[in-house]
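Single-structure report; data block below.
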Amino acid sequence: LRIADTYYGEEKYAEAQVEYQAFLNFHPVHRDAPYAQYQIGMCNYNELTTIDRDPAITRTALKEFQNLLTKYPGSPYEQEAKKYIVICRERLAEYELYVGKFYYRKGSYKAALGRLEKLLKDYPGSPAEKDAWYFTGLSYMERGDTEQAISAFTSLAAKYPAMAGEANVLITKLKSR
């Protein structure tokens, strides 16, 4: 663990992760095992970059923090792990929104809908949800699917009252077609 902590302190996260994992492999029930599992999550978390990059590292960090909760319930690191799980989920939702908006701007509405609907299904309540509903409605509108567009804008207005005015204008526009 000290070797792993040294690497971690030097911001050599890949090397630290190998050492923390080695500790867990040999001592899965040691009193410091929850710490090692938490640090594996942190090694991945500290490698996160911007949301326009491959989210694999974010998924790995999320998985490692979830492993901590599963393998070591009630550990002293549980609350911190939960905090990082929320952050990782929000980043993954932001990534899906980023890609969905990219496809929307490109005119690839089917691809945009795939990403946006994945966000709505996998990350309900995330800060990106509002924009996902909006761009879902716009994508359906561009595809000529009036019913689905109205449904998306209705959901947007119901969940986000601040957006109700704009959503209702779009719904009215769709119904008058």
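Structural remarks
- In loop segments of region 7-37 as defined by DSSP, the GluC sites (Glu not before Pro) with at most 16 further C-beta atoms inside 10 Å of their C-beta are GLU10, GLU11.
- In the context of the full set of protein chains, residues of region 29-75 present 50 Å² of accessible surface per residue (probe radius 1.4 Å, heavy atoms only).
- Length gained when the stretch GLN79-ASP5 is fully extended (0.36 nm per residue, less Cα-Cα span): 24.6 nm
- Principal axis box of region 126-175, alpha-carbon based, largest edge first, Å: 27, 18, 12
- Apportionment of accessible area to carbon and sulfur, the chain, percent (1.4 Å): 51 percent
- In region 23-114, lysine pairs closer than 20 Å at Cα, eight or more apart or cross-chain: 6
- Heavy-atom accessible area, probed at 1.4 angstrom with all protein chains present, ranks PHE153, PHE102 as PHE102, PHE153, highest first.
- Region 59-177: mean projected area of Cα convex hull, nm²: 8.2 nm²
- For region 40-54, backbone phi angles converted through the Karplus equation (6.51, -1.76, 1.60; θ = phi - 60°) give residue-by-residue couplings of 4, x, 5, 4, 5, 4, 5, 8, 4, 10, 7, 6, 8, 9, 3 Hz, Gly and Pro being listed as x.
- Cα centroid of region 51-84 to Cα centroid of region 119-171, whole Å: 30 Å
- Note on THR154 and VAL29: their simple-model spin labels are 5.6 nm apart, each label 7 Å out from Cα toward Cβ.
- Charge-dipole axis of region 1-88 as Lys and Arg at +1 and Asp and Glu at -1 on Cβ define it, positive-most pick from ILE57, LEU68, GLY41: LEU68
- Globularity ratio of region 1-141, using Cα Rg and 2.2 N^0.38 Å: 1.25
- Average Cα contact separation per residue, the chain, under 8 Å, 6 or more apart, as relative contact order %: 12 percent
- Per residue, the convex hull around the alpha carbon atoms of region 1-78 comes to 86 Å³.
- Cβ-placed point charges (K, R +1; D, E -1), dipole of the chain about Cα centre in debye, nearest 20: 780 debye
- Given +1 at the Cβ of Lys and Arg, -1 at the Cβ of Asp and Glu and no other charges, the dipole of region 39-142 around its Cα centre is 200 debye to the nearest 20.
- Cα long-axis angle, helix 78-106 against the chain (0 to 90 degrees, to the nearest 10): 40 degrees
- Helix-only [θ]222 nm of the chain, DSSP H runs n ≥ 4, -39500 (n - 2.57) each, per residue, nearest 500: -25000 deg cm²/dmol
- In region 49-106, Rg over Rh equals 1.12, where Rg is the alpha-carbon radius of gyration and Rh the Kirkwood radius from pairwise Cα distances.
The values are calculated or read from the model by the stated rules, or taken from the named source; none is laboratory data. All values reported here derive from a predicted model rather than from experimental measurement. Counting neighbours? That spans all protein chains shown, and the Cβs are built from the backbone with ideal geometry, glycine included. Side chains included, ligands, DNA and RNA excluded: accessible areas come from the protein's heavy atoms. Shrake-Rupley method; radii C 1.70, N 1.55, O 1.52, S 1.80 Å.
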